[in-house]
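K.L.:
If you scroll down you'll find the structure; I have some questions about it.
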Amino acid sequence: MECEEGQPIEDVDGDRPAALSFWQRIGPRMVALVALIGPAAAVFLMQHRPSRSELIQAITETQLPTGYAIETTKAAPELSPPAPEISPAASTPITVDMIASPPRSVTDQPAALQLTTKPAGATFAVYPGITADKTAPSSAPLRTGTAPGMAEELHGGNYTIFFYKDGWPDSRTEVQVQAGEVRPVEYAFFHGEVTITSVPNGAEILCGTVSLGFTPLTVALPAGKQVLTASLKNYPDRIQNVTVDENATSTIEFQMRARRRIAKTKPTPPPSLVERVGGSLKHLFGANSTPPPRRKR
């Protein structure tokens with residue numbers, strides 16, 4: 001006998017309904033659950049299930065430990081190109097091109113002047129080109145210094161060097177230097193040597209206002225007429241005029257004399273009032289004056 005779902009089956013022998021089994025009771029519920037969940041599960045599996053080619057590629061890229069091997073079949077090429085992989089941007093290395101400077105030619109190499117003077121200690125100034133005698137330079141000096149000294153980083157060519165020393169006349173000279181050359185220049189002022197002594201020794205010798213040192217000494221002095229002064233404590237200054245010959249040696253001696261002490265005479269005090277009155281009384285009463293002393297024969 002047919003019955004509707006959910007209705008109890010009546011017993012054919014009687015009016016009492018027959019009891020349903022467990023599967024008969026849960027069957028309709030399972031069918032309803034499958035009908036509800038089945039489509040959603042199918043959609044989920046279709047979206048997240050990897051394709052066979054992707055699974056093979058993932059297995060191929062995976063590095064297995066040493067001692068294991070796997071055999072794979074080559075997957076058929078896909079119609080659509082794979083999406084490009086985005087890798088982190090790598091820092092671009094900085095490259096510097098090292099360009100070696102070309103060697104200098106001979107004409108570009110710097111020159112230098114090694115300057116010494118006699119007497120030493122003169123200051124120098126180097127000017128470009130040739131400056132005519134008694135003509136002032138028209139530009140600033142290229143190099144300055146004190147001799148002995150160096151004038152470096154010069155170009156090849158002609159130069160005029162001016163020398164100055166306190167107490168000496170200014171002087172100049174012209175030189176020519178080649179590129180890359182270090183040329184020594186020895187300049188001597190027009191001078192003569194003078195040996196100076198004093199009695200006693202230790203006097204300071206001055207040429208004008210310039211101190212030459214203490215006696216005894218030998219110094220170089222400008223050629224020509226010079227005025228020398230010797231100064232010593234407790235002695236008056238002594239002055240001598242000397243003519244210095246070029247390339248010759250002269251000898252000068254100063255005799256220092258001590259200052260003379262002149263004794264000062266004391267003035268005779270005026271007579272007192274008593275002496276003046278007594279003298280007047282003697283003159284009035286005719287008193288004899290004191291006889292003059294007798295000379296010894």
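The values are calculated or read from the model by the stated rules, or taken from the named source; none is laboratory data. These numbers come from a predicted model, not from an experiment. All Cβ positions, glycine included, derive from the backbone under ideal geometry; neighbour counts span all protein chains shown.
K.L.:
Regarding the range 177-194, can at least one residue be identified that is without any contact (Cβ under 8 Å) to a residue 60 or more places away in the chain, among the acidic types (D, E) and under 30 Å from A132 (Cβ atoms)?
P.N.:
Checked the range 177-194: no residue is without any contact (Cβ under 8 Å) to a residue 60 or more places away in the chain, among the acidic types (D, E) and under 30 Å from A132 (Cβ atoms).
K.L.:
Quick check on my filter: what residues within the range 206-259 are part of a strand (DSSP E or B), over 48 Å from the mean Cα position of the chain (by Cα) and of a type in the set (G, A, S)?
P.N.:
Residue satisfying the conditions is S250 alone.
K.L.:
Restricting to the range 128-156, give me the number of residues that are surrounded by 13 or more Cβ atoms within 10 Å (Cβ to Cβ), over 16 Å from T117 (Cβ atoms) and of a type in the set (G, A, S).
P.N.:
The total comes to 1.
K.L.:
I'm trying to understand the selection: among the residues of the range 157-193, which are crowded, with 17+ Cβ neighbours inside 10 Å and of a type in the set (D, E, K, R)?
P.N.:
Scanning the range 157-193 gives K165, R172.
K.L.:
Being in the same structural domain as T144 (by TED's automatic domain parsing) and under 30 Å from A111 (Cβ atoms) narrows it down to one of G180, G167, so name that one.
P.N.:
Testing whether each residue is in the same structural domain as T144 (by TED's automatic domain parsing) and under 30 Å from A111 (Cβ atoms) leaves just G180.
K.L.:
Taking the range 148-183 only, how many residues are closer than 20 Å to A120 by Cβ and not aromatic (F, W, Y)?
P.N.:
17
K.L.:
Identify the single condition in (1) outside any loop (DSSP other than H, G, I, E, B); (2) without any contact (Cβ under 8 Å) to a residue 40 or more places away in the chain; (3) under 41 Å from the mean Cα position of the chain (by Cα) that I161 does not satisfy, given that it satisfies every other one.
P.N.:
(2)
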